[in-house]
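J.: Once you've had a glance at the structure underneath, I'll fire off some questions.
Bear in mind that the values in this text are calculations on the coordinates, not laboratory data. This one's a predicted model, so the numbers in the text were calculated from it and none came from an experiment. No Cβ is skipped: glycine too gets one built from the backbone with ideal geometry, and neighbour counts run over all protein chains shown.
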Amino acid sequence: MPHITIDDVVIELTRKKVKYLRVAINPSLGNVRVSAPMRMKEDFIQAFLVSRMPWIKKHLAKYMPITPREIIPPEQQRVIDKAHRHQLQKVLPELIHKWTTIIGVELSEYKIKKMKTRWGTCNTRARRIWINLELAKKSLNCLEYIIVHELVHLLERSHNRRFKLFMDQFMPEWRVYREELKRSVLTG
């Protein structure tokens, strides 16, 4: 895979059938990737990356640990994940019931899933939500925030003004929990 180096930052370049340049930082590995349209000139890509370098460095600094992360063997990680899944399975039924009643929505199902980039997702058509396994490591307030957030999507699909008004109505302190999760690194 080709690489571009700018200010001592090595960036993996991937060419795809996309319209726009996209920069992504993998928090668990601390690496930077850029996806670029197939025919875009490398000079243009480099100029774009130079312009985004303050953002890239800011996020790299946020994600890069001061000390190397402990590497957990896969079999041990499976045991940890199983314990976290069990922990969530114990509390989710009551929390889901509580919040579907308060919000006044019906949910067909909810599932727990290890996700790399999201704390939760909602399929409005199937009326199903997914909760990130990593939430087992977070406060109960953060878990409830994600549940409320995903359930509110059954009332309003996008993150518009109406969505935020619903969030304010059902969980006035939701912004505090959102910020707490934003400071966290997903490792899924």
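J.: What residue among ARG39, ARG161, ARG15 shows peak mean-square fluctuation when the chain is described by a Gaussian network model with Cα springs under 10 Å?
T.: ARG39
J.: Which of rounded, prolate, oblate describes the range 110-188, given a ≥ b ≥ c as roots of the alpha-carbon gyration tensor eigenvalues and a/c under 1.5 marking rounded, otherwise prolate only if a/b is larger than b/c?
T.: Numbers: a/c = 1.96, a/b = 1.19, b/c = 1.64.
Judged from the Cα gyration tensor, the range 110-188 comes out oblate (a/c at least 1.5, b/c at or above a/b).
J.: Relative to the present Cα-Cα distance, how much length would full extension add between SER108 and ALA24 at 0.36 nm per residue of separation?
T.: Working: separation 84, 0.36 × 84 = 30.24 nm, distance 3.35 nm.
In short, 26.9 nm is gained.
J.: Given the chain, what percent of its DSSP beta bridges are antiparallel, to the nearest 5?
T.: Working: 13 of 24 bridges.
Roughly 55 percent of the DSSP beta bridges within the chain come out antiparallel.
J.: Next question, about the same structure. Using the Kirkwood radius over C-alpha pairs as Rh, can you work out the diffusion coefficient of the range 32-188 via Stokes-Einstein at 20 °C, viscosity 1.002 mPa s, in µm² per second?
T.: Working: Rh = 18.1 Å.
Result for D is 119 µm²/s.
J.: Next question. Indicate the gyration tensor shape class of the range 83-123 (rounded, prolate or oblate), computed on the Cα atoms with a ≥ b ≥ c the square roots of the eigenvalues: a/c under 1.5 is rounded; otherwise a/b larger than b/c is prolate and the rest oblate.
T.: Details: a/c = 2.51, a/b = 1.35, b/c = 1.86.
Note, shape of the range 83-123 comes out oblate.
J.: Using only the Cα atoms of the range 140-185, build the gyration tensor, take square roots of its eigenvalues as a ≥ b ≥ c, and label the shape rounded, prolate or oblate: rounded if a/c is under 1.5, else prolate if a/b is larger than b/c, else oblate.
T.: prolate
J.: Under a cut-off of 20 Å between alpha-carbon atoms, report the lysines in cross-link reach of LYS17, not counting same-chain residues fewer than 8 places apart.
T.: Excluding near neighbours in sequence, the set is LYS41.
J.: Within the range 1-52, report the chymotrypsin sites (Phe, Trp or Tyr not before Pro) that DSSP leaves as loop and that have at most 11 other Cβ atoms within 10 Å. Don't skip to the answer; put the middle values down first.
T.: On the way: sites: TYR20, PHE44, PHE48; in loops: TYR20.
Of the chymotrypsin sites (Phe, Trp or Tyr not before Pro), the ones in loops of the range 1-52 whose Cβ has at most 11 other Cβ atoms within 10 Å are TYR20.
J.: Turning to a different aspect of this structure: List the GluC sites (Glu not before Pro) in the range 99-139 that DSSP assigns to loop (not H, G, I, E or B) and whose Cβ has at most 16 other Cβ atoms within 10 Å. Which are they?
T.: Values: sites: GLU106, GLU109, GLU134; in loops: GLU106.
Passing both the DSSP loop test and the Cβ count: GLU106.
J.: From the helices alone, meaning DSSP H stretches of at least four residues, give me the mean residue ellipticity at 222 nm for the chain, per-run term -39500 (n - 2.57), in deg cm²/dmol to the nearest 500.
T.: Working: 5 runs with 84 residues, N = 188.
Helix contribution divided over all residues of the chain: -15000 deg cm²/dmol.
J.: Further question: What pairs from LYS58/LYS111; LYS58/LYS116; LYS90/LYS138 go past 24 Å between their alpha carbons? Before the final figure, lay out each step's value.
T.: Details: LYS58/LYS111 34 Å; LYS58/LYS116 20 Å; LYS90/LYS138 15 Å.
As for pairs spanning more than 24 Å Cα to Cα, those are LYS58/LYS111.
J.: Please go through the range 150-181 and write out the GluC sites (Glu not before Pro) that DSSP classes as loop and that have at most 13 other C-beta atoms within 10 Å.
T.: Working: sites: GLU150, GLU156, GLU173, GLU179, GLU180; in loops: GLU156, GLU173.
Sparse-neighbourhood loop GluC sites (Glu not before Pro): GLU173.
J.: Evaluate the charge dipole of the range 1-142 about its Cα centre and quote only its size in Debye, nearest 20, assuming +1 on the Cβ of each Lys and Arg and -1 on the Cβ of each Asp and Glu.
T.: Rounded to the nearest 20 debye, it is 500 debye.
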